[in-house]
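What follows is a single structure, written as structure tokens, with notes after it.
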Amino acid sequence: MVNLFKGEFYKLRKAKSFYICCMVFAVCIVMVYGMIIMAEKIQKGEMQNGSYGVVVNEESMAEEGQEAPAAEVSVLEVLGQMMASFGIVTTAIFIAVFVVGDYGNGAVKNIVGKGMARWKIFVVKYSFTILAAAALLLVMTVLTVLAGIIFKGTGILSAQFFREIGIYAGIQMMLGLALAGIIVFVSELCRNLSAAISIGIGILLFSSLLTGLLDVGARFLLPNAGFRFSDYWIVDLISNCPIKDIESGFILRAVIMTIVWTALSLAAGIWHFKKADIK
């Protein structure tokens, strides 16, 4: 299995997708901070509303001598937006490319042909891929913080700042491991790049609608139970994770659901990889 891990690391170093995702993160983060700065200038009356496509609600315009509302957007809030939207979508695309690519170039067929146990092959691929996904999220976190320091200045730095960033990013990366595992399973199940990307993004964008409908049904059938499906679905946990003052109950539920969804996607992936033909 050590040689399999070495092989995965070699493929990651040679793959362009990981580095492209990092560059896309950097560009997106700079654009987000740039829009915040432009919104701040518009609210102060230093730029015309609508400049460069940035439109600010008239009600949010700052009074003379007051600080613009856009200036109050924190680095943690920017990180929260990145984690719950663009970050997980980009990571899902990377996973699909990294996993499905092995079927297109014949790597999986060659490894299976050497007599290696299939469950070992999948476990290594699964483990390495979710760790690579966590590394991507870590890179995004570091870039968001560095960009925040550049755009907002070193005055934002404090022990509390790093503690809040560390707790929030740690929980989101933990949840990201479980989500990455689900996308790995979907990619292995499809073994087709366009299908894997489409289904993966579909899960991220539309699964919360389904859990929302299930929540409505649960409230109708069990009005006093207080049960919500969205409390246990990994995408909803990522989207609803508070950026500050995270309660211990949420952290415990996040840990348990990370373990549950990771175990389920790993078990399902092993089962399918052992049963399906390698073409």
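The values are calculated or read from the model by the stated rules, or taken from the named source; none is laboratory data. Here the structure is a predicted model, which means the values were calculated and not measured. Every residue, glycine among them, receives a Cβ derived from its backbone with ideal geometry; neighbour counts consider all protein chains shown. When the accessible area is computed, the model is the full protein with side chains, heavy atoms only, and any ligands, DNA or RNA have been set aside. Shrake-Rupley method; radii C 1.70, N 1.55, O 1.52, S 1.80 Å.
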Checklist entry - Looking at region 143-161, which of its residues are under 24 Å from the mean Cα position of the chain (by Cα) and among the small types (Gly, Ala, Ser)? => result ALA147, GLY148
Checklist entry - Is it fair to say VAL78 is buried (at least 18 other Cβ atoms within 10 Å of the Cβ) and at pLDDT below 95? => result yes
Next on the checklist: Report every pair of residues separated by at least 6 positions or lying on different chains whose Cβ atoms are under 8 Å apart, first residue within region 110-125 and surrounded by 13 or more Cβ atoms within 10 Å (Cβ to Cβ), second part of a loop (DSSP other than H, G, I, E, B).
Outcome noted: VAL112/ILE278; LYS120/MET1; VAL123/MET1; VAL124/MET1
Checklist outcome for this item: Every listed condition ((1) modelled with pLDDT of 85 or more; (2) open to solvent by less than 40 Å² (accessible area, probe 1.4 Å)) holds for ASP102 save (1)
Checklist entry - Pairs, please: C-beta under 7 Å, at least 6 apart or cross-chain, first residue closer than 17 Å to GLY166 by Cβ and in region 238-254, second β-branched (Val, Ile, Thr) and open to solvent by 50 Å² or more (accessible area, probe 1.4 Å)? => result ILE246/ILE167
Checklist entry - Yes or no: ILE259 closer than 30 Å to LYS120 by Cβ, of a type outside the set (S, T, N, Q) and crowded, with 19+ Cβ neighbours inside 10 Å? => result no
Checklist entry - Restricted to region 223-241, and to residues that are in a loop (DSSP other than H, G, I, E, B) and closer than 26 Å to LEU131 by Cβ, which residue is most open to solvent (accessible area, probe 1.4 Å)? => result TYR232
Checklist entry - Only one residue in ILE199, ILE167 is in a helix (DSSP H, G or I), of a type in the set (Val, Ile, Thr), open to solvent by 30 Å² or more (accessible area, probe 1.4 Å) and without any contact (Cβ under 8 Å) to a residue 60 or more places away in the chain. Which one? => result ILE199
Next on the checklist: Name the residue that is modelled with the lowest pLDDT, counting only residues in region 262-279 that are assigned to a loop (DSSP other than H, G, I, E, B) and open to solvent by 50 Å² or more (accessible area, probe 1.4 Å).
Outcome noted: LYS279
